[in-house]
Each structure stands twice: as structure tokens, then as C-alpha cells.
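Heads up: the structure comes next, in C-alpha cells.
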Amino acid sequence: MKNILFLFIVLCSFVALGQGNATTNSNYPTSYFQTPLDIPLILSGTFGELRSNHFHAGLDFKTQQKEGLNVLAAAKGYVSRIKISHWGYGKAIYITHPNGYTTVYAHLQKFNNRIETFIKKKQYKKESFEIQVFPSSKVLPISKGEIIAFSGSTGGFVGPHLHFEIRDTKSEKPINPMFFGIPINDSKKPRINTLIGYSLDKNSQINGIAKPTKLSYIRLKNGEFLAHKIKAFGKIGFGINAYDQLDGAYNKNGLYNLSMFVNGEKTHEFKASTFSFYESKYINLLIDYERFENLGQRIQKCFIEPSNKLSLYSKSLTKGYITVEDKLTYKVEIVAKDFEGNTQKITIPIEGKKDSILVKNTPKITPYKINKTQFNKFTKEGITVAFPKNTFYNDFYLDFKVKNSIVQVHPSSVPLHKRYTLTFNVSNYSEKEKKQLYIASINKKGKTSYEKTVKKEVTFYTSTKKLGKFTLLTDSIKPKVSLQNFKNNQWLTHYKTLKVKISDNESGIKSYRGEIDGAWILLEYNVKKGILTYNFSDKTFTTAKHILKVTVTDNVGNTKTINAAFFRKK
């Protein structure tokens, strides 16, 4: 049993839960959760962690670096949704409970036999590996503690683990599962790594500097931190880079609570309790996005930007902004806290002093002024960018230039709220050239990536949320397809699976199709390894010789087909 992960989360009496308020912490039941004693639950990810363009919506349970461990239903209910995709949650099950909550289990290797049989029939009918279905309450009823699936690592480039969520069924808002009493050992206090000061209007400064400033600090004997006294004036704010570690794991997890006090009064509080998926995009205003893009470090701001509509903050009249007056003193305390109440504090003494600004934060002026509340459109050398109103959170000057067929649409250090359109004039290309042409983004390391390209007669365009460099590229190379675990004309009587390797180093793989003897087969795509796998248990063979056909198409339409014969005894 030591290799079995039991997620036996009992969500308590459904009557009591149904009467609870899914937004009030005190109403969450905490005394009905059970876990096996021989396998402690260890987290590799916590609720509300800061991820790229989103908050983490659940808990990630370690699965001993293995796949195939039993995953049990949290409580009685029914499977209300099954989604299988190459990316995101991979293979995922949603169970709706009669108490107003839904649990989610993601990155699964496979489902139990009953669910697997059900979903495979749907996949074969649709002739698609990727699928999403919403069974009614009577189709797949689930008992508390039933083995519903086996842990895995599906959904892109992720390692083995189980992602688990608890959502309010009606609002679909994810709720911090820790409110429901999941026993996790955590005796470690959070760690603060970096302290940044921000001057937030044209007259403010910190130590004579009007740009974001890294501030130094020391550790006191009691374990707390004390920043060196700063001299400041005007409207300022602070942010920290911090993480939490739990017992038995080295993973750097997110904070549950981040609060700030000015002269003893709480002026800011972030709490990872619940949120809507729609608001998750505002994470790029919660963090110092420019620093994250340039240095890869997430600084969590202790003040709320004007456009930030996150519901994860407590109400505050000042919204975390500090107005420092000349000749006054202030004591700022920032407290990082995990769910178990372990805390780490840093104190920042401030002396108000109206000094001259020695280092100014002067924006670069260009001919392309962005007004965030208006539609903005610019054209240069046959390339057009069109930004709908409210694409950006702030007004600024766009750095828009074209050189050697590469367009620079500003540095990537500015967050976007919406997609914009990038259009290339392709009237100088022949019809043959256009077929193999596509729009590509170029990252900081020079690597190109396909951007979904819509082709019109004289223009190609893409809708994107990326800033940075783009260009037109040609892909004339077909995808690669090869047999992986067998050879042509081989007997495969005792084989459980058939594997094919696929890849495309140019525009990337758009689609694939597999057939045996002319009939569509279900090929599961492992995007990490580039392997298509067919399970022989899907079909009963009545003859010995069979023909496999696999066709792979890239994003500009180049196609590669491989045919192979194999034999199986009846």
C-alpha cells in the first residue's frame, strides 16, 4: 500500500455543507477529512501561488515521483465533467457533490475502468483524443472513497503529481482547500528574499531615486528583518519577493497572507482564499511585471494598482499607498504568513525628507502614444498593430519599429489585459510562398514559435497577448514520423501498446490521425516525449495482418504519412 496515494478527503455532512456560506472561512467544515496514516500528504504547490498569468487554483500533492497511484473521490457525488487535453489540466475529472461544492482532479494518467470505458466511447465517436463532456447526475455516480483515477503527469511539461481543487459549484470559484481541514505539516516560516521600494508619482522619491529601488536589510537575533532607514518623500509603496516551504518538501510555495502595517495600522492585506478565474489575469498588476520579465523574479506588491480588480485583497482606505510627509517618521511592517500561521516580518523605518530627485524615472518618448481608453492603431513598413481600448492598464509610449523584416512591438515588460492584432502585408509573396508562410514570435533567446496565423489574400494576421519581436517565416519541411516500439511487418501478439514518434521543428504540429485497417484509432499524445500511443485493448482483432496509417500535419499544412504492417494472432 506504500505506493498508493489515498486522497480520501471527506467533505463532511452534506446537509451541513449545503447550509454553509462558500465565502466565509468559518463556515467551511474542518473535522471530516481522513487520510491514510502510512502516506502523509506533502504539497508541491499551494493555493493562490503566483504563476505565469494566473493564480494556482488548488493544491498539488506529491506522488512520490511516480505515476499510477490510486486517486480516491473526496466525497459522494457524480462525475459532472471530464476534460482531456494535451495541455492545461491534461486528463481531469470534476465531481459535483450534493453540498454545493465540486472537486477537481487533474493531470491524471487514466481513469477507472467505468469512467475510461465511458469516455473512450465518446472519443471514438468524435474521432478525437481531446474531448470535453458533461455527464448528467445519473450517468457516473461516485461513492465516497471510490478509486476514480490514477495519478499522472498529463497536460504538457509537468512532473508526476495530483492537482486537486474544491470549487463552489454555483459560482465555479476555486476555494482554498486548506479551509476544509486537509492535514499538511508545516512548521517553517516563510522566507523573504528581496525588498523593493516604489516611487509612485512624479514628485516622490526613495533615497533620492524615483525608480523602483532594491532596499537592503539585516536579520535580527529574533529572526525578523530590519531594513536600513530610508529617506523618502511623496507617494510610495513596497513589494517583496517571498516564498513558503512546507515540511518534507523543498518546493518554494506561495504565501497565504501578505499584510502591511504603517505605524501599527493595517493598510494592506492579500489573502489566498478564493477568486474567480476571470480576475486571475490581474496577477500581472499584483506583481512587478517588468522585473519579472527582465529578471525572472516575482515581487508581490503591497499596494493595489488603480486598474487591479482582484478580490483577494481586504478593504483598505489607502490601498497600500504611503504618503510620506517632510520631517515625519514612519514604521512600516510587512508580514508574510502561511496557512498554519507561521510568519516572517520585515520592518522598514522611514524618515520623511523632501530631497531633490537624483535618479529620475524618465519614460522613452516615441511617435506612438498609447491611450489605454482608446483604440490605437499604428502602421510601419507594411506591418500594422491594432490595440482595442483597454488592452493596456496604463498610458505609455509604444516602442514600435521594423528592422530586417523583424518587427519590435515594444519590450515584453508591459502586461496586457487583452489581445491585439498584428498584421503583415504579404502582397509581395507568390501564392506558393504564402502557403508555407506563417507569423512567428521571437523570444529573448532567439527561439521562434508559431503564432496562430489567419491568412487573407494580401494580409496575414495574428491575435496575440505577447509583446516583443515577430517575423514571417517559411516552413517547407514535413513533420517527422517514425515507428517507436516495433518494426514494419512485425508480430505484435503480446504487445499491449503501439507507439509512434512524431515531431516538427518549424511551425509545429497542428494535428495527427491514426488508422488501423482504415478505421480511426485513439492515439494518446505525450507532448513531453512526442509519442503517440495506441492501446490494443481498444479493439478486438479478427484477422492476423493489419495496416497502421499515421498522418501528421504541421501548422502550415505540410503533411507526413507513415504506413506499416503488423501481425497479431486472433
Hey, can you find the accessible area per residue of the chain for me, probe 1.4 Å, expressed in square angstrom?
49 Å²
Provide the FRET efficiency to the nearest 0.05 for the residue 226-residue 375 pair, computing r from the beta carbons and using R0 = 35 Å.
0.10
Leaving out ligands, DNA and RNA, what percent of the accessible area of region 364-476 is carbon and sulfur, probe 1.4 Å?
49 percent
Kindly express, to the nearest 10 degrees and within the range 0 to 90, the angle between helix 113-126's C-alpha long axis and the longest C-alpha principal axis of the chain.
80 degrees
Where the centroid of each part is defined by its Cα atoms, how far is region 225-281 from region 79-127 in Å?
36 Å
Centre separation in Å (Cα based) which lies between region 151-197 and region 296-345:
22 Å
Carbon/sulfur fraction of accessible area - region 154-244, other protein chains in place, 1.4 Å, %
50 percent
Of 183-191, 450-458, ordering from highest average Cβ density within 10 Å down gives 183-191, 450-458
Taking region 49-112 and dividing mean pair separation by its residue count, relative contact order in percent (alpha carbons under 8 Å, at least six apart)
22 percent
If the limit is 31 Å between Cα atoms, which of 214/319; 126/444; 62/309; 76/337; 110/549; 445/510 go over it?
126/444; 62/309; 76/337
PRE zone check, label point 7 Å out along Cα-to-Cβ of residue 87, amide N under 19 Å, scope region 522-565, hits 524-532, 553-557
Go through region 462-475 residue by residue and turn each phi into a ³J(HN,Hα) via Karplus (6.51, -1.76, 1.60, θ = phi - 60°); whole Hz please, and just put x for glycine and proline.
9, 10, 9, 10, 9, 9, x, 9, 9, 7, 9, 10, 10, 10
How far is it, in nm, from the label point at residue 527 to the one at residue 188 when both lie 7 Å from their Cα along the line to the Cβ?
3.0 nm
Looking only at region 453-474, which residues have a backbone nitrogen under 15 Å from a spot 7 Å from the Cα of residue 399 in the C-beta direction?
467-470
Distance in nm between pseudo-label sites at residue 568 and residue 130 (7 Å out along the Cβ direction from Cα):
2.7 nm
Contact order relative to length for region 305-360, counting C-alpha pairs under 8 Å separated by 6 or more residues, stands in percent at 32 percent
Calculated FRET efficiency, residue 250 and residue 384, Cβ-Cβ r, R0 60 Å, to nearest 0.05?
0.80
Those chymotrypsin sites (Phe, Trp or Tyr not before Pro) in region 463-510 that DSSP places in a loop and that have at most 16 other beta carbons within 10 Å
495
Looks like region 245-308, by Cα gyration tensor root eigenvalues a ≥ b ≥ c and the a/c under 1.5 rounded cutoff (else prolate when a/b is bigger than b/c, oblate otherwise), is rounded
Computed [θ] at 222 nm, helices only, for the chain once each DSSP H run of length n ≥ 4 contributes -39500 (n - 2.57):
-1500 deg cm²/dmol
At most 13 other Cβ within 10 Å, DSSP loop - chymotrypsin sites (Phe, Trp or Tyr not before Pro), region 210-266
250
Given an 8 Å cut-off on Cα distances and at least 6 residues of separation, report the relative contact order of the chain as a percent.
10 percent
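The values are calculated or read from the model by the stated rules, or taken from the named source; none is laboratory data. Keep in mind that what you see is a predicted model, and the values were worked out from it rather than measured. All Cβ positions, even for glycine, are placed from backbone atoms using ideal geometry, and neighbour counts span all protein chains on display. When the accessible area is computed, the model is the full protein with side chains, heavy atoms only, and any ligands, DNA or RNA have been set aside. Shrake-Rupley method; radii C 1.70, N 1.55, O 1.52, S 1.80 Å.
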